[in-house]
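Notes follow once the structure below has been shown.
The values are calculated or read from the model by the stated rules, or taken from the named source; none is laboratory data. Everything quoted here is computed from the prediction, not taken from an experiment. Counting neighbours? That spans all protein chains shown, and the Cβs are built from the backbone with ideal geometry, glycine included.
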There are 2 protein chains.
Amino acid sequence: MESAFAIIAEPSRRAILSLLASAERSVGDLEQALQLPQPSVSKHLRVLREAGLVESRVDGQRRLYRIRPEPLMEVEAWLAPFRRYWSAQVDALERHLDRMNPPPRRKAKKR
Amino acid sequence: MESAFAIIAEPSRRAILSLLASAERSVGDLEQALQLPQPSVSKHLRVLREAGLVESRVDGQRRLYRIRPEPLMEVEAWLAPFRRYWSAQVDALERHLDRMNPPPRRKAKKR
DNA sequence: CAGGCATATGCCTCAATAGGAATATATTGC
DNA sequence: GCAATATATTCCTATTGAGGCATATGCCTG
């Protein structure tokens, strides 16, 4: 099985994974979102599937793909030793990302 | 300039970067540590240098290479949305890595 | 079962790239 | 300047992989 690093070297595959990070999607969804030819999407999905980065389930004539994030932990782990270089910049990055993502709810918010 | 993702797809280059993460090293150091032919090391270093991931300084007849971690922040940022999937596992990973590394003064997140 | 939609696969070509071997460049000490 | 060491570069080859296009497979509906 190919390393996750090689898999995510491809920009289209990164885009697919980023889309799937937020929700399950069909091949057609991805095709339209990325403006890629359908065979191209299917081929990238095959690579991703064989590397364990996505899995699919059948839904009528569609296939819904979802993330399987485990292989990305290899990347995360490899990256760890470099964090010490980032210091201040990484704090800024983290604050930025925390604003973009659902921050871990600490106090219950009324809605 | 090539994306950092493409650069770190190559295992030897990841090994070089990991070695440089802890200390500045000469080409010969890397050659011996990785058991790679010297031209191979030099070629990988060239790719890394042109992508901004390392820089060198002259020291007599040696060239000492060191990390320039900024381009890796692209990887870090891309990876962020997937962290929410890791939950418990990532906690364990972080504890592990914190034990291995000098704990980088991780301030409690306030918001 | 026919026809249509969604997805997958096969084939081909082209470009990029890693690896090996030889050689070039630079620096030091004599 | 010459030899030795350290590093970089060039040339070649073989492999890999993405992209385009055509086609196959699968499922659904009438």
Subject >> Given (1) in contact (Cβ under 8 Å) with a residue 60 or more places away in the chain; (2) farther than 29 Å from A:PRO71 by Cα, number of the condition B:ASP29 does not satisfy >> reply: (1)
**OP:** Identify the residue in segment A:60-72 that is more than 7 Å from chain B (Cβ to nearest Cβ) and either in a strand (DSSP E or B) or polar (S, T, N, Q) (or both) and, among all such residues, is nearest to the chain's Cα centre (by Cα).
**Re:** A:ARG66
Subject >> Residue check for B:GLU55: more than 8 Å from chain A (Cβ to nearest Cβ) and at pLDDT 95 or above >> reply: yes
Subject >> Only one of A:LEU93, A:LEU79 that is at the interface with chain B (Cβ under 7 Å from one of its Cβ atoms), modelled with pLDDT of 95 or more, out of contact with any strand residue (DSSP E or B) (no Cβ under 7 Å at 6 or more places or on another chain) and over 30 Å from A:GLY28 (Cα atoms) >> reply: A:LEU79
Original post:
In the list B:GLY60, B:GLY28, which residue meets the criterion of being within 13 Å of DNA strand C (Cβ to nearest atom) and modelled with pLDDT under 95?
Top reply: B:GLY60
Original post:
Name the pairs whose Cβ atoms lie under 8 Å apart, with the first residue in segment A:2-23 and among the β-branched types (Val, Ile, Thr), the second near DNA strand D (Cβ under 10 Å from one of its atoms) and in a helix (DSSP H, G or I), and 6 or more positions between them or separate chains?
Top reply: A:ILE7/A:ARG13; A:ILE7/A:VAL47; A:ILE16/A:VAL41; A:ILE16/A:HIS44
Subject >> Filter pass, B:VAL75 being assigned to a helix (DSSP H, G or I), touching a residue at least 24 places away in the same chain (Cβ under 8 Å) and away from DNA strand C (no atom under 16 Å from the Cβ) >> reply: yes
